[in-house]
Amino acid sequence: MAILTGAQTTPVVSPSNRWWRRPGAAVVTAVAFGVAALGYRVAVLLAGAPPTNSDEGTMGLAALHIGQGRGLPVYFYGQNYMGTLEAYLAAPLVALANGSVLALRLPNLLLFAAFLAAMWAMTRRLYSPWFATFVVGLLALGSDRILKNQLISGGGYPEINPAGAALMLLAVALAAGGWAGTAGGPATITGGRAGTVGGRATITNGQASTTGGRAGTTGGRAGTTGGRAGTTGGRAGTTGDQVSTMGDQVSTMGDQVSTTGGHPSTTRSHASMRGGRARIAGYAAFGLLTGLMVWVDWLVLPYLAAATAVLLLKRPDRRGWIALAGGALVGVAPLLIHDLTSSWKHSAIPTFFGLNGGGPDASWADQLHGGVLTGIPLATGMCAAGRCEPWQLWWAPVWLLLLAAAGYGAWRAFRNDPDRVRAAGRLALVAAALVSLLVYARSNAAGATPMESGRYLHCLLISTPAVLWPLWSLRGRATRWLGAAGLAVICAFALVATGMVVRELPRIAAVDDRQPGLLAELDRRGVTTVYSEYWTCNYIAYISAERVRCAVIGADLKPGFDRYQPYKRAVAAAPTRTFALPTDSAESRAVRDYLDTRRIAYESIVVSGYDLYQPATRVDLPLPD
């Protein structure tokens, strides 16, 4: 009666007024998690962690050369695979701060922020807003292995996860027609319908609930997940999208189709143009990211293939194909230019298979243990710095069970759910994770060097929503609490791994104190050319801004693997020899024994964990190959 008479009523406080039900609460909380995540990583970087190495020094040298205009390297120095995107992103900063590791890593913080944003948007679209916020909160944590993959500019790892998540998001949006125009057609909602027949609001897959069967009139509302449905001042919507029937207007996907006065053609044309341009831009962006990842790092290919399968659920029109191909050609252009002007053995494909087929043979038991039991908790942020304790390995079988449950649920939804695109996106995350794991577990690296090679599973983080959804989506009084307990345990173990990083941060940061100390001693002695081992050489070359050039010598006293050949020639041509080798290493013992057995006079000191040898006369080291 109050509605009919216009009488004022007192608002009733209901659960819907709680803060977590307010519009935008999930976004605000996710942003807070993101800011905390960035703050944590900035603090880690300022503390001098994670420790750097020669591979990051190699990327730094590429950035230095780009900034100085001395070259435009296509690949990581010393191999014809793995694009130098990180070097190009960091080049302006490195040019301003020669030899700064922090300058080299700062762009990776932006890539990490992009990863969180893409993961939230992708998870929100495939699952739900608050689950997306939960995933961002979990990804905000960071174990030792996670921080290394996200912050070290060692080639490929910081950029593949944001690209993989963005590709999946774009694929789902384009396949669902999220950017389609509304020219001449009715208002549509992905996977369903919105109507106001007789005051009812119906939305298939994302249904607008109208308890009692009817939406209220004159301001009445029917709740939806993230939206409202009604007549005369009401709204009908799906999650994040609203369909308005106020007066003569129909709104869908942010584009309005006006029917006021009976002449909708002009507005529809404008809406169609806007939707068409957005769709073409989406295809171009998908193509660009595809091309860039083919150039940069092929570890993300399972996710690229899965996203492409989802994209093709709705075949692009002619303009879409052109945009897709054009973007891909732009992104992959550096690889194409290099490989088409080089011999086959110097192109990316044989180099990739050569790198992945090497290493000592490992037994299937070692591959299973290193690739699965250790690889999963290591890659997903459950392990301590440099080790996975036995009590942390429980996560591997649980992760596999959850992945299987997620795959089963996604497959059933794909076959039965009208919203096939959403189900396909979920299924794609499961399939990509499974392929990535199988490929890695079959490699020799998984069995021989599981702790360092765990970085090859870095992309598994993209599938975090798929793995955790079976727990989040449990319904029923008992099972809901069981799922919440499971998620709490997972968060607790990830938080423990993060706490271990914080506790061990002084020790981790101290690893990098050795090379600056060695460099200071070389500067004091006026040494500008030196022989060392692989993991030292390009690091000291970079932090000295090439003031000191370094070449690699092996334990057999023969030339080692020099990624940047000009250094090898410059050090070999120097009139004197200086050797700086880790104390008591095989290389150090070999050089000392060579000098002693030939009774060659030399000066030897220990500085910052390095044995420094300076023979009185020029010696014939390294030995000929």
Enumerate the residues in the range 274-290 having an amide nitrogen under 13 Å from the point lying 7 Å beyond the Cα of ARG319 toward its Cβ.
-> 274-284
First select every other residue whose beta carbon is under 15 angstrom from the beta carbon of VAL28; then total the charges, Lys and Arg +1, Asp and Glu -1.
-> +4
Taking the Cβ of GLY407 as the center, what net charge do the other residues with Cβ under 14 Å away carry, scoring Lys and Arg +1 and Asp and Glu -1?
-> +3
Under a 1.4 Å probe, what is the accessible area of the range 9-147 per residue, stated in Å²?
-> 40 Å²
Cα shape, the range 268-383, gyration tensor, a/c 1.5 rule = oblate
At VAL496 and ALA47, where each label point lies 7 Å from the Cα along Cα→Cβ, what is the point-to-point distance in nanometres?
-> 1.9 nm
Contact order relative to length of the range 478-551, as percent, for alpha carbon pairs under 8 angstrom and 6 or more apart = 23 percent
With the full set of protein chains in place, find how many percent of the accessible area of the range 269-404 is carbon and sulfur; take the probe as 1.4 Å.
-> 71 percent
What is the calculated FRET efficiency for LEU368 to THR583, with r their C-beta to C-beta distance and R₀ = 35 Å, to the nearest 0.05?
-> 0.45
Only Lys, Arg (+1) and Asp, Glu (-1) charged, at Cβ; the range 309-395 dipole about Cα centre in debye | 520 debye
Could you work out the mean projected area of the convex hull around the alpha carbons of the range 20-120, in square nanometres to one decimal?
-> 7.8 nm²
Taking the highest mean first, how do the peptides 128-137, 519-528 order by number of other beta carbon atoms within 10 angstrom per residue?
-> 128-137, 519-528
Here the Cα Rg-to-2.2 N^0.38 Å ratio for the range 502-625 is 1.04
If you take all C-alpha pairs in the range 312-361, what percent of them are over 18 Å apart?
-> 55 percent
Provide, for q = 0.11, 0.13, 0.20 Å⁻¹, the log10 of I(q)/I(0) from a solvent-free Debye sum over equal Cα point scatterers in the range 559-625.
-> -0.26, -0.37, -0.89
Backbone N within the range 105-121 under 14 Å of label point (7 Å from VAL31 Cα along the Cβ vector) = 117
Taking the Cβ of ALA323 as the centre, find all other residues whose Cβ is under 14 Å away and add up their charges (Lys, Arg: +1; Asp, Glu: -1).
-> +4
Does the range 129-177 classify as rounded, prolate or oblate by the C-alpha gyration tensor (a ≥ b ≥ c root eigenvalues; a/c under 1.5 gives rounded; else a/b over b/c gives prolate, otherwise oblate)?
-> oblate
Expressed in nanometres to one decimal, the distance between label points 7 Å along Cα→Cβ at ALA484 and VAL398 is 1.8 nm
Pair ALA333, ARG387: separation of 7 Å Cα→Cβ label points (nm) = 5.0 nm
Dividing the alpha-carbon radius of gyration of the range 453-514 by 2.2 N^0.38 Å (N being the number of residues), what value is obtained?
-> 1.60
hull vol. (C-alpha, convex hull) per residue for the range 335-476, Å³ -> 150 Å³
Once the piece of chain linking ALA601 and ARG22 is laid out straight, how much longer is it, given 0.36 nm per residue of separation minus the C-alpha distance between them?
-> 200.6 nm
Given Cβ charges of +1 for Lys and Arg and -1 for Asp and Glu, the option among CYS491, ALA509, PRO470 whose Cα lies farthest towards the positive end of the dipole of the range 458-523 is PRO470
Expressed in nm to one decimal, what extension gain is obtained for the pair ARG277 and THR617 from 0.36 nm per residue of sequence separation less their Cα-Cα distance?
-> 115.3 nm
Want the number for TRP344 to LEU102: 0.36 nm per residue separation, take away the alpha-carbon distance, what's left?
-> 83.4 nm
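The values are calculated or read from the model by the stated rules, or taken from the named source; none is laboratory data. Quick caveat, the model's predicted, so the values are computed rather than measured. No Cβ is skipped: glycine too gets one built from the backbone with ideal geometry, and neighbour counts run over all protein chains shown. We work out accessible area using only protein heavy atoms, side chains counted, and drop any ligands, DNA or RNA first. Shrake-Rupley method; radii C 1.70, N 1.55, O 1.52, S 1.80 Å.
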